[in-house]
Every structure is written in C-alpha cells, then in structure tokens.
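J.: Okay, here's the structure, questions in a sec.
The values are calculated or read from the model by the stated rules, or taken from the named source; none is laboratory data. As the structure is a computational prediction, the values presented were derived from the model and not from experiment. No Cβ is skipped: glycine too gets one built from the backbone with ideal geometry, and neighbour counts run over all protein chains shown.
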There are 2 protein chains.
Amino acid sequence: MIFPKFEVKKTTSYGRLGTILTAHGKISTPSFFFCSTKATIKGVDTWIIEKLNTPVLLANTYHLMLHPGADVVADAGGVGSFMGWNGPTYTDSGGYQIFSLGYGCVSQEIKGSPRSKRYLKISEAGAEFLSYRDGSKWCLTPELSIHVQQALGADCIFTLDECTPYHISYEHTRASMEQSHRWAQRSLTAFLKEDSVYKKTHQGLYGISQGGIYPELRRVSVDFLNSMPFFGHGIGGSLGKTSVEMREVLDMALEKLCSDRPIHLLGIGKIEDIFDGIAKGIDTFDCVIPTRLGRHGGALIRPNYWSDAKEDYHSRSSINLLKSCFKNDHRPIDELCSCPTCLRYTRAYLHHLIKSKEITAGSALTIHNIFFMNTMMEEIRRGIDLNIMPEVRSKWLGR
Amino acid sequence: MIFPKFEVKKTTSYGRLGTILTAHGKISTPSFFFCSTKATIKGVDTWIIEKLNTPVLLANTYHLMLHPGADVVADAGGVGSFMGWNGPTYTDSGGYQIFSLGYGCVSQEIKGSPRSKRYLKISEAGAEFLSYRDGSKWCLTPELSIHVQQALGADCIFTLDECTPYHISYEHTRASMEQSHRWAQRSLTAFLKEDSVYKKTHQGLYGISQGGIYPELRRVSVDFLNSMPFFGHGIGGSLGKTSVEMREVLDMALEKLCSDRPIHLLGIGKIEDIFDGIAKGIDTFDCVIPTRLGRHGGALIRPNYWSDAKEDYHSRSSINLLKSCFKNDHRPIDELCSCPTCLRYTRAYLHHLIKSKEITAGSALTIHNIFFMNTMMEEIRRGIDLNIMPEVRSKWLGR
C-alpha cells in the first residue's frame, strides 16, 4: 500500500468524515494537529501526549533546520523517532516563521504592534534570512525546504510559499501568488526527484492555495492547485482580519477545490473557527493556541458549563487561572473532564502554581487543553457520523 | 491504629530495614524523599511522580505559609490533597529556608560566595524575617511552625530549629543548640495541645539533634532528644564540610540515639552519602539534588555503565547532557533503565531540548532522576534483606 492515502467516508452540510492513512497510523478527520515546534510540545512529554489520544504532531522545519540540524534528525530516524513519538507527523515548509520574523506576525500587524526588524530578502530563488541562533546567512529555497523536510521524514509535508502580510494590494497579492505557484512547481519537482539523498517513499506533499482576500486570485490559485498532483491542499495566504472575513475567504478557497484530497487550514485554532471551517469542508487544522494558552495560565472550557460561575468568565471559551477569584476555588477546571489534570488538580492549586511561577502549571494546563481539543474533535466526528452536529456545537460553543 | 507507626524489620551492618506506617500508606525504609517545595516537583505532575513509585513528597512550610497560605491548603484538605498526591507527605519546619536566606546556604558559605543580605533577626521568641513575596514582616516561632504544619496536615512534621552556619565556634554552637532544645520543647507542647485549630490525630513529630561538629554537644543533644516523646529523630546542625567529616559527625549523632524511632538525615542526597548514611543506621533522607540536577541538564547514571563511554564523564554519578559530545548520541541515558524518558528519548534529543531551552528537558530529566533514585532505594532495601549490599553498592557506586 502506498502512504499516505486519503479516503472520504461521509459528506454532510456540517462537515465531512474521512481518514488519512499514513505509514505511522490512521488520522480520523476532521482532526486538529498540535504544534511540536522544536520537536516538543513545551513541557509535555510525548508519552503523555500519546495517552491523551493526540492524532498528529506538526513540527517546524525552520527551527529544526537551524537546530539540531536536519542531519541529526535524519540520523535519529526522522522527526517522529527523534522526539519519541510513534504516531503520524507533519512538518511545515519553514516559510511561515521566516516571513513572520521578517514582517512581524499577523496578530502584531492587526494590533499595530511594532514590527520585527529582522533581515529578510525575498527573491525568485527563495527567502534569505539570518539564523536567530548564530546570525549565519541562510537562503530557504523551495528545493532546500523539500530537502530538509525529506530529511525530517514526516508523513506529510508542505510546499514553500510566501506568507504575505494582511493588508497588501491586489497587485502585490497577485505577484506573490504567482511566485508561490512557481515555488510550488519547483517544490513538486524536487519532491518527485528519484535520486534525492533523503527521498522517502511514504511521504505526501501538500500544495498551498494563495490569493489573499481577492476572489479572482483565489479562483486562479485553486485552478493551479487542482492541476498539480499534490496529495493534499493547504489553505494559505491572508484569510482576512476577522472570523467573518475568514469565512468569506474560505468560501472562495474551497468552492472549486477538488474534493478527493485532504484540506488543511493552516494556523487556525479558535473553537468557533474550527466548527465553521469543518462545516465548510476543512479536514484538518493546526494551531499553537491550545498549547500556548496553557503555558500562560489559560484553560479551555465549555461556555456556560458551571451554573454558578461568575459572569466575567463563564461566557468565554477559556478561563485565566491567574485571576484571584480562583484562589479558593477547590473544584477542577471541568468536573466532567477526565484528563489527568482535572482528575487530580483544583483551580486553587493551579492558581497557586501560576502565582508561584512553577512550570508544572504550564504542563498541567497544556495537558488539559490537549485533552479538551482531542475530546472535542472526537465528538465532532461522532456528531457528523450521527447527524447530531447542532447538539455538539451547542455543547462546545454554547450557541 | 495510631499513625504514624515505625517498625524495624531487620538490622545489619549495611543498614536496617523498616516500615513507617502512615495514614496515607506505608513507607519502606531506607527511603529517599523528594522535595515538593512549593507543593510541586518542578515540571512533573503528581500523577507521573506516583507512576515512578515515589514513596514520599516533602513540602516546604516556609513557602506554603507565604503562598498560598496555610488556610488555603487546609481548606483543600491538606498539602497532599492540595497537590493531588495520594501518598505520604512530610513538611519541614520552615526554619532552613529562613536561615539559609539570612545566612546564605551552606554551599555558598563553603564556596565563599557572597552571602545574601536579607533581614533576619533571631531571638528567644523565634526568627523574624521579611516575606520574599511582599516584604511583610513575619516571626516564625516554634508555635507558629507547628500551627502551620498542622494546617498543612502532612503525615510527619519537624520541630523548628536554628540552622547554624558551618564554621561557628563551640560556644556559639552550644548556645544555638540550647535555644533549639528550648524551641523543640515549645514545639512539642504546641503539638500536643488538645484544642489547637488544626490539631491532627494522625501526625508524627520529629525532633532534630544539634551540636555541629562537636562530639560533646552532639552527645548532650542526643540525650535531650531521647528524653522527649518524639515520633522520630532528625539529624540537624552542621554536618561538616566534607563527606569524611559528615561520617564522623553521623557517628557522634547516632551513637546513643534510641533505635526504636525512625532517623531522618536532612538535606543529604549524594549517592555515596546515602550508602554511607544507611550503613550507619539512617532510615530516611531528603534532598533537592536529583530534581534540581535534572532541571539543569544532569542525568543520574551508574558509573562505568557504558563500556564505550568517554573518559571525561563515565566515572561520575551523572552526565551533563548540555555537553556537545551528546549531539549525535542516539542512545538512551541508560539502556537498562525503564523510566519513560529512557524508553522514549535519546541523549541527542535531550541535548537538543536543553540547547533549545525547552522546559520539556527539565521534566524528562527530573523523571529519569526520580526513577533512578527510587529504583536504587528499592535495590538497597533488597540488598539489606538478602545480604548482598556489597554487590548493590558496587552496581550503583562503581566501587
């Protein structure tokens, strides 16, 4: 059997059910992938991540290329083996980090925060940047990205694309899209080359659609992607500034995308956006939100869950355990949650750990948030299967 | 049955076997206790600590008194319940932290490092200090220490003593010892008082012997302790500057100590010192070394274990995984170790995590070191039972 392989099991107006079969196991879709950026989810060991029924870890080509280096990871047998993870893995192209370090990330841009001033020079060849570790000059070309991702050996990998800032002109977006298409072509050529040092037989390549917020460009990009033999599609480029804009862009990006390939929405992880994306036909997501939130004291929670919860936090999808209202709250985060954190710890204890700057707080909350997302995704899959998605949505979104 | 209860099972020249029965389970001795200072072992969840066969967690009265406060912990049902730990717990008196913050700790003193300048005023009443959190003034009296430790509700607790620096005169040591004896008497009176708010029926109180490096004072202190109805004995005061001096002081401190009580050696955790202490009759130890070492990249290892190991680290009891010689070392820390870290991770991966400043490194190494200590202590108990201690010592110490 040739891996990876995608099968659609059921398509409904609430989303579709499917399976991505990889050499390291089956991914049931819709699925949410966690980011193991530098080959770890910060503060949580992989044997614990496995116990939480985590489907996939997505590691970062940019970081691993700079340290420990693709050769060390390849010697270890690939990124999964390196980090002691037996399940499926993905890697991104490395582009997002380079561009966000150069332009500043999207949230900084939207908030008007000062941009990073790091060196970044984009040319037809690729993206030239300086290592954050030692200042050495690198040029990430489509070919180098594929080479490194083959060395890292994940089950699925992505083509290099230019990640443009949010508010650029139609002309700029078009030029960037066309360059990303040429890079996608070069990535595919490098990927298919038979004599590459780290050529893998069980790796699938995702192309990434572009076009920003412009319907015409989105259509052009979809046509381009459909015409190329990629295993999967990533939805890239600017998705707009708000959830409403994102839904419009997704409509454009998904309208004509061929439906026999898995569709991945890059960098999206808010609960509401996940439900909306799935309804539009997205199969998989990745985002740092659940794990980053945990490290900063945030616990994901179903809205309106505690009938006696205080007004100021019960309507949200997370609670911030740093708040002093939790000092004497001897309940678990969620009394129905069966994650190791909710089975053992109270909000008062977690509040104490955060106030005491204990890293155990970050581990414990990350564990809860991972389990929360995995449980929610499992209920979503069941919801699609049993046609009870309105109930599932209401349970996890409160509306 | 009244808890705690101590039973000696077997006494040999290599050490003695025993059992401390507590309301939260049995502690087989000799035993090594881990320090959960602020009610956590940094970076490792209590459900994981339990899986590693950890016998006891020792929490810190000084820290918990300042945050979250004894009342919060009492409301949670005591320190074990607060931190989600089902097994036995100990607390110290809080004195060590106050005195080490005032005087500087022993290692700083021995190394000649600059002392801390924190406010500390010792009087007959107790030790006056300022909170490291908000600068508020506190006076830790023997009675307050007992009150707080009853609120924290550990299975075994300690009397407040003055922790003197290493190199003080005979006269100063004697005066300090006499004051500590008066504090011990006040502690016991407070402990036995029937109408205390947080009075516990299942708590045992340890007295602590003093006398520094002076044989005559050690004898006086032992006589004093033997005459008082403490559940257990702690060996306190200066133990000297070297392992050789420590062995001499232990001989003085143990010679006439009544043998029907468990004997705890405070703050000792080097492998060699543990073997020596056990041979002299110590039942239990506590120390931050194994967990602190793990957070700083150190993995405990049996000397001479790897036949192909490099000269520069194989004769030691730990390896520092920050060293570049581990960059491509795709072996586990110890191939015969069955801890979760050794089953999943290589030295190369741990080296990468440390170099990348990932907190997962600290968790993974702490887990290994806890498991290492617990496995060693189990083999020591078996070694005493089966009269094969020379073989056990040779396996874990290399000599």
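J.: Name every residue in region B:70-80 that is surrounded by fewer than 24 Cβ atoms within 10 Å (Cβ to Cβ) and within 9 Å of chain A (Cβ to nearest Cβ), in order of residue number.
T.: Of everything in region B:70-80, those that are surrounded by fewer than 24 Cβ atoms within 10 Å (Cβ to Cβ) and within 9 Å of chain A (Cβ to nearest Cβ) turn out to be B:D71, B:V72, B:D75, B:A76, B:G77.
J.: For A:T164, state whether it is within 22 Å of A:R218 (Cα to Cα) and β-branched (V, I, T).
T.: Values: within 22 Å of A:R218 (Cα to Cα): yes; β-branched (V, I, T): yes.
Considered against the rule, which asks whether it is within 22 Å of A:R218 (Cα to Cα) and β-branched (V, I, T), A:T164 comes out as yes.
J.: State which residue is farthest from the other protein chains (Cβ to nearest Cβ) when the search covers only region B:339-371 and only residues that are more than 16 Å from A:W85 (Cα to Cα) and of a type in the set (D, E, K, R).
T.: Step by step, filter region B:339-371, then rank; the result is B:K357.
J.: Here is a further query. Would you mind finding the one in B:S221, B:S238 that is buried (at least 16 other Cβ atoms within 10 Å of the Cβ), in contact with a helix residue (DSSP H, G or I) (Cβ under 7 Å, 6 or more places away or on another chain), under 20 Å from B:C163 (Cβ atoms) and small (G, A, S)?
T.: Details: B:S238 fails: in contact with a helix residue (DSSP H, G or I) (Cβ under 7 Å, 6 or more places away or on another chain).
Being buried (at least 16 other Cβ atoms within 10 Å of the Cβ), in contact with a helix residue (DSSP H, G or I) (Cβ under 7 Å, 6 or more places away or on another chain), under 20 Å from B:C163 (Cβ atoms) and small (G, A, S) holds for just one of B:S221, B:S238, which is B:S221.
J.: Quick one: count up the residues across region A:154-183 that are over 20 Å from the mean Cα position of the chain (by Cα) and closer than 30 Å to A:S81 by Cα.
T.: Within region A:154-183, residues that are over 20 Å from the mean Cα position of the chain (by Cα) and closer than 30 Å to A:S81 by Cα number 1.
J.: Using beta carbons and a limit of 7 Å, which pairs, at least six apart or on different chains, have the first residue in region A:40-53 and at the interface with another protein chain (Cβ under 7 Å from one of its Cβ atoms) and the second one of a type in the set (D, E)?
T.: The qualifying pairs are A:T40/B:E358; A:K42/B:E358.
For (1) outside the structural domain of A:R182 (by TED's automatic domain parsing); (2) modelled with pLDDT under 85; (3) hydrophobic (A, V, I, L, M, F, W, C), each residue gets a yes or a no:
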residue	(1), (2), (3)
A:P88	no, no, no
A:G95	no, no, no
A:S107	no, yes, no
A:R118	no, yes, no
A:A125	no, no, yes
A:E143	no, no, no
A:L152	no, no, yes
A:L160	no, no, yes
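J.: Could you list, in sequence order, the residues of region B:191-206 that are crowded, with 21+ Cβ neighbours inside 10 Å and either of a type in the set (D, E, K, R) or not in a loop (DSSP other than H, G, I, E, B) (or both)? Even if it seems obvious, please write down each step before you answer.
T.: Of all residues in region B:191-206, those crowded, with 21+ Cβ neighbours inside 10 Å come to B:191, B:203-206.
Result: B:F191, B:G204, B:L205, B:Y206.
J.: Go through (1) under 26 Å from A:D286 (Cβ atoms); (2) assigned to a helix (DSSP H, G or I) one by one and return the number of the condition A:A348 breaks.
T.: Failing condition for A:A348: (1).
J.: Does B:R393 qualify as being of a type in the set (D, E, K, R), facing chain A (nearest Cβ under 9 Å) and surrounded by 14 or more Cβ atoms within 10 Å (Cβ to Cβ)? Talk me through it step by step, then tell me what you get.
T.: Working: of a type in the set (D, E, K, R): yes; facing chain A (nearest Cβ under 9 Å): no; surrounded by 14 or more Cβ atoms within 10 Å (Cβ to Cβ): yes.
The answer is no for B:R393.
One line per residue, one yes/no per condition, for (1) more than 16 Å from the chain's Cα centre (by Cα); (2) within 14 Å of chain B (Cβ to nearest Cβ):
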| residue | (1), (2) |
| --- | --- |
| A:A23 | yes, no |
| A:L57 | no, yes |
| A:N60 | no, yes |
| A:W85 | yes, yes |
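J.: Still on this structure, please answer the following. Within region A:52-61, identify whether any single residue is at positive phi, outside the structural domain of A:I359 (by TED's automatic domain parsing) and small (G, A, S), and answer yes or no.
T.: Kept after step one, since they are at positive phi, are these residues of region A:52-61: A:53.
Restricting the remaining residues to those that are outside the structural domain of A:I359 (by TED's automatic domain parsing) gives A:53.
Filter once more, so that each one left must be small (G, A, S): none.
The answer is no, given that none of the residues of region A:52-61 is at positive phi, outside the structural domain of A:I359 (by TED's automatic domain parsing) and small (G, A, S).
J.: Taking B:V8 as meeting all but one of (1) surrounded by fewer than 17 Cβ atoms within 10 Å (Cβ to Cβ); (2) at the interface with chain A (Cβ under 9 Å from one of its Cβ atoms); (3) of a type outside the set (S, T, Y), write down the number of the exception.
T.: So B:V8 meets the others, but not (2).
J.: Determine which member of the set B:S243, B:S259 is touching a strand residue (DSSP E or B) at 6+ places or on another chain (Cβ under 8 Å), assigned by TED's automatic domain parsing to the domain that holds B:T173, over 25 Å from B:E171 (Cβ atoms) and surrounded by fewer than 21 Cβ atoms within 10 Å (Cβ to Cβ).
T.: Values: B:S243 fails: touching a strand residue (DSSP E or B) at 6+ places or on another chain (Cβ under 8 Å).
On inspection, the qualifying residue turns out to be B:S259.
J.: Surrounded by 21 or more Cβ atoms within 10 Å (Cβ to Cβ), more than 14 Å from chain B (Cβ to nearest Cβ) and of a type in the set (S, T, Y): does that describe A:S318? So that I can check it myself, show each step before the final result.
T.: Values: surrounded by 21 or more Cβ atoms within 10 Å (Cβ to Cβ): yes; more than 14 Å from chain B (Cβ to nearest Cβ): yes; of a type in the set (S, T, Y): yes.
Answer is yes for this residue.
J.: A follow-up question, please. Given the conditions (1) in contact with a Lys or Arg (Cβ under 8 Å, 6 or more places away or on another chain); (2) on the phi > 0 side of the Ramachandran plot, which single one is not true for A:G267?
T.: Status for A:G267: all satisfied but (1).
J.: Which of the residues that make up region B:148-172 are assigned to a helix (DSSP H, G or I) and crowded, with 20+ Cβ neighbours inside 10 Å? Steps first, please.
T.: Let us first name the residues in region B:148-172 that are assigned to a helix (DSSP H, G or I), namely B:148-152, B:170-172.
If the condition is that a residue be assigned to a helix (DSSP H, G or I) and crowded, with 20+ Cβ neighbours inside 10 Å, then B:V148, B:Q149, B:Q150, B:A151, B:L152 are the ones that fit.
J.: Something else now. Quick test for you: out of B:S93, B:S36, pick the one residue that is more than 10 Å from chain A (Cβ to nearest Cβ), under 15 Å from the mean Cα position of the chain (by Cα), surrounded by 24 or more Cβ atoms within 10 Å (Cβ to Cβ) and of a type outside the set (D, E, K, R).
T.: Numbers: B:S36 fails: more than 10 Å from chain A (Cβ to nearest Cβ).
Only one candidate passes the filter, namely B:S93.
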